[in-house]
Amino acid sequence: MGSIALKSVVKAFGEIKIIHDLDLDIANGEFVVFVGPSGCGKSTLLRLIAGLEDATSGSITIDGEDVTDAPPAKRGLSMVFQSYALYPHMTVRDNIAFPLKMAKMDKAGIDKKVADAARVLNLASYLDRKPGQLSGGQRQRVAIGRAIVREPRAFLFDEPLSNLDAALRVGMRMEISELHRTLKTTMVYVTHDQIEAMTLADKIVVLNAGRIEQVGSPLELYKAPANQFVAGFIGSPKMNFVGGAPAANRQAATIGVRPEHIRISRDTGEWAGTVGVAEHLGSDTFLHVQAAALGTLTVRGDGDIAAGYGDRVFLTPDPARIHRFDDKGIALR
Amino acid sequence: MARRQSTGRTALLTIVAWVIGLLMFFPIFWTAVAAFKTESDAYTLPQNFLTTPWTLENFGIVQERSDYLRYVFNTTVIVLLSTLLGLLFAIPAAWSMAFSPAHESSSSLSGKTWLAIIAASLAICFLTLYLNNWTVNNVVVGIVLLLIFVVPVSVWVWTRRTTDTLLWMLSTKMMPPAGALIPIYLIFNRNGLVFKDWGGINLTSYSIMDSFWGMVPLMMLLNLPIIIWMLFTYFKEIPVGILEAARMDGASLWSELTRVLTPMALPGIASTCLLNVILAWNEAFWSLNLTNKAAAPLSFFISEYSSPEGQFWAKLSAASIMAIAPILIIGWFSQRQLVRGLTFGAVK
């Protein structure tokens, strides 16, 4: 079991409020990702759940049990840190065994669990090494191993992949996803990388300045962002926002169009512009088009578009996929 | 840095360095030479140590007149126990300051208000004493006065930010020890426990003078600010995430300190101990004033040869060499550890 509920949680450091009166429910077995720009409070929120920070007010319950004032050790959660936070003076075996030793498990039980975890995470041949002798990816695996052996009610991940290089990150992302499928334990994952959020999450929580902007499945957020912030944050490259006449024509203060929802033409279209930077990635082409009063628009086309710097192009947004926002940035439906 | 230096310049710098080094070494060298000369030869000026005969008689006489091993034992007891006791206080203190520092004062009273409170409480104490002709014979009044005197100051210190606490600890080392000699002498002489050495309780003589019961805590308190400061700087180098991981893994505070923090900080703790051992070994001011036999350390042993009856240079030198020899040997074999500890964290 591992359902987590936050009610009216506030966290302030002195005068500065980091988390503003936040409510959130995480169901048992769910993979929830907190995403948001740096400083939005996502890590603080995770640390509040972990018990590494004390909530200024509000309550946190795990499986219906109020743990607001419980120390981290008593919450039955495991955490994987961005810096791995392995014990440098212990071998891999002792690192993984540490939570079990703290739980006063007998030696035979510990040996079996460590061996199991090592097998699952391909660490069997490194058990007698110290963390200093391992690569980044291996260290991250040890950190995960240390988290899984104690069979927690939920796993907390604090940007676990951001210290890894790009190739390794993709691999570890899949391993974590696989792990969730096997263990079926609740996982709460913090990242600023929206690709990680989109690929891993059952449910994404978008945070901004200590408030929840929207909660929803990855595709809900992509297709129906609740406001301009979410619309701009989810999706890569970023959604284009256009004000003025094109927005007024559609009874909105601002309209948003994703780069992939704009058709490019050489001779006809709604908006005219000149190509600035053109990024040819092979599979896709990103054109940054100067469209006079509208500003710079990013357009995603297929890999074969030959347009380059200075070319004149016409852009037409897909009418079914235009997002409309009022003057406060709230989506109009 | 790639910088080309001429051979002449290098040679000159080498010579200058050697001259400075030898000048600094000279007093120790002289002591070492004098220890192996007869009393008259050691005393003669100008010194002519090359032609005068060498002798070991000073060491024999010193050992005969004062039991060297007894002093070594006393020093070792004071040094080791005060270091261990110091660690017992310093590790938790440094841990709390390094890993959960108070960034703001926990009191909402302003500095001026505190000053007024402390000044007023001191004024009350002095006024009461003045009205009683500077003596209080009533125990209750005495205790109340002590509380009025101590509590506001303690609360004030207690509510400070960590940086202020650290500075305050260091400031205790800024006062000349002689300034506190008389009260501490009186406390040792008139009050408290009643032991000589570790000896039995003797209710007739109220004194912790010349006893380990007095010297061990005193030596610990003398060096505690330095131990805390050193440990604090080492602990600061340890990522707090590792301690948080231990907390998440279910470690109790005790396990966090003993199984995670202490093993990780071992190089730092070792060099802190080493420095503390050296400081305590060489301490003379308090030892000379508060001991004379039962708990007298090696610094007292040296001073025995500088007496009103005359200076015995050769024996004084021999005693000095005997006193510093053990710590010199320890220092020699642990210099790598010491240097490593003192520069710990400078390069990651």
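Selection within the range A:3-35: residues that are among the small types (Gly, Ala, Ser) and on the phi > 0 side of the Ramachandran plot. The member of this set that is surrounded by the fewest Cβ atoms within 10 Å (Cβ to Cβ) is A:GLY14.
In the range A:171-180 there is at least one residue that is under 16 Å from the mean Cα position of the chain (by Cα), modelled with pLDDT under 90 and of a type in the set (A, V, I, L, M).
Could you check, for the range B:252-259, whether at least one of its residues is without any contact (Cβ under 8 Å) to a residue 24 or more places away in the chain, more than 9 Å from every other protein chain (Cβ to nearest Cβ), buried (at least 21 other Cβ atoms within 10 Å of the Cβ) and part of a helix (DSSP H, G or I)? For the range B:252-259, residues without any contact (Cβ under 8 Å) to a residue 24 or more places away in the chain, more than 9 Å from every other protein chain (Cβ to nearest Cβ), buried (at least 21 other Cβ atoms within 10 Å of the Cβ) and part of a helix (DSSP H, G or I): present. In the set B:ILE278, B:ILE269, only one residue is buried (at least 22 other Cβ atoms within 10 Å of the Cβ), of a type in the set (Val, Ile, Thr) and out of contact with any Phe, Trp or Tyr (no Cβ under 7 Å at 6 or more places or on another chain); that residue is B:ILE269. For the range A:255-270, a residue qualifies if it is crowded, with 19+ Cβ neighbours inside 10 Å and in contact with a Phe, Trp or Tyr (Cβ under 8 Å, 6 or more places away or on another chain), and the qualifying residues are A:ILE255, A:GLY256, A:PRO259, A:ILE264.
Selection of first residues in the range A:258-279 that are more than 19 Å from A:PRO237 (Cα to Cα) and of a type in the set (Gly, Ala, Ser) and of second residues that are surrounded by 14 or more Cβ atoms within 10 Å (Cβ to Cβ) and modelled with pLDDT under 90, restricted to Cβ pairs under 8 Å at least 6 apart or on distinct chains, gives the following pairs, ordered by first then second residue: A:ALA272/A:ALA291.
Here B:LEU131, B:LEU167, B:LEU145 are screened, and the one residue that is modelled with pLDDT of 85 or more and under 27 Å from B:GLU283 (Cβ atoms) is B:LEU167. Of all residues in the range B:220-251, those that are touching a residue at least 24 places away in the same chain (Cβ under 8 Å), part of a helix (DSSP H, G or I) and within 30 Å of B:TRP281 (Cβ to Cβ) total 16. Looking only at residues of the range B:135-176 that are under 30 Å from B:SER105 (Cβ atoms) and either in contact with a Lys or Arg (Cβ under 6 Å, 6 or more places away or on another chain) or polar (S, T, N, Q) (or both), we find that the one that is surrounded by the most Cβ atoms within 10 Å (Cβ to Cβ) is B:THR165.
Which of the residues belonging to the range B:105-119 are free of Cβ contacts under 8 Å to residues at least 12 places away in the same chain and more than 11 Å from B:THR159 (Cα to Cα)? Listed by number, the residues that qualify are B:SER110, B:GLY111, B:LYS112, B:THR113, B:LEU115, B:ALA116, B:ALA119. Contact map, the range A:71-90: first residue in the same structural domain as A:LEU46 (by TED's automatic domain parsing), second residue of a type in the set (A, V, I, L, M) and in a loop (DSSP other than H, G, I, E, B), Cβ cut-off under 7 Å, separation 6 or more or different chains; pairs are A:PRO72/A:LEU52; A:ALA73/B:ALA251; A:ARG75/A:VAL67. Between A:GLU270, A:GLU220, A:GLU279, the distinction of being among the charged types (D, E, K, R) and assigned by TED's automatic domain parsing to the domain that holds A:LYS203 belongs to A:GLU220 only. At least 3 residues being within 11 Å of another protein chain (Cβ to nearest Cβ) is the threshold, and among the strands (runs of 3 or more DSSP E) wholly inside the range A:52-169 those reaching it are A:77-80, A:154-158.
I want to confirm something. Restricting to the range A:132-161 and keeping residues that are of a type in the set (Gly, Ala, Ser) and at pLDDT 90 or above, which single residue is nearest to A:LYS42 (Cα to Cα)? Selected residue: A:ALA154.
The values are calculated or read from the model by the stated rules, or taken from the named source; none is laboratory data. Nothing here was measured: the structure is a model prediction, and the numbers come from that model. Note that we place each Cβ from the backbone using ideal geometry, even for glycine, and neighbour counts take in every protein chain shown.
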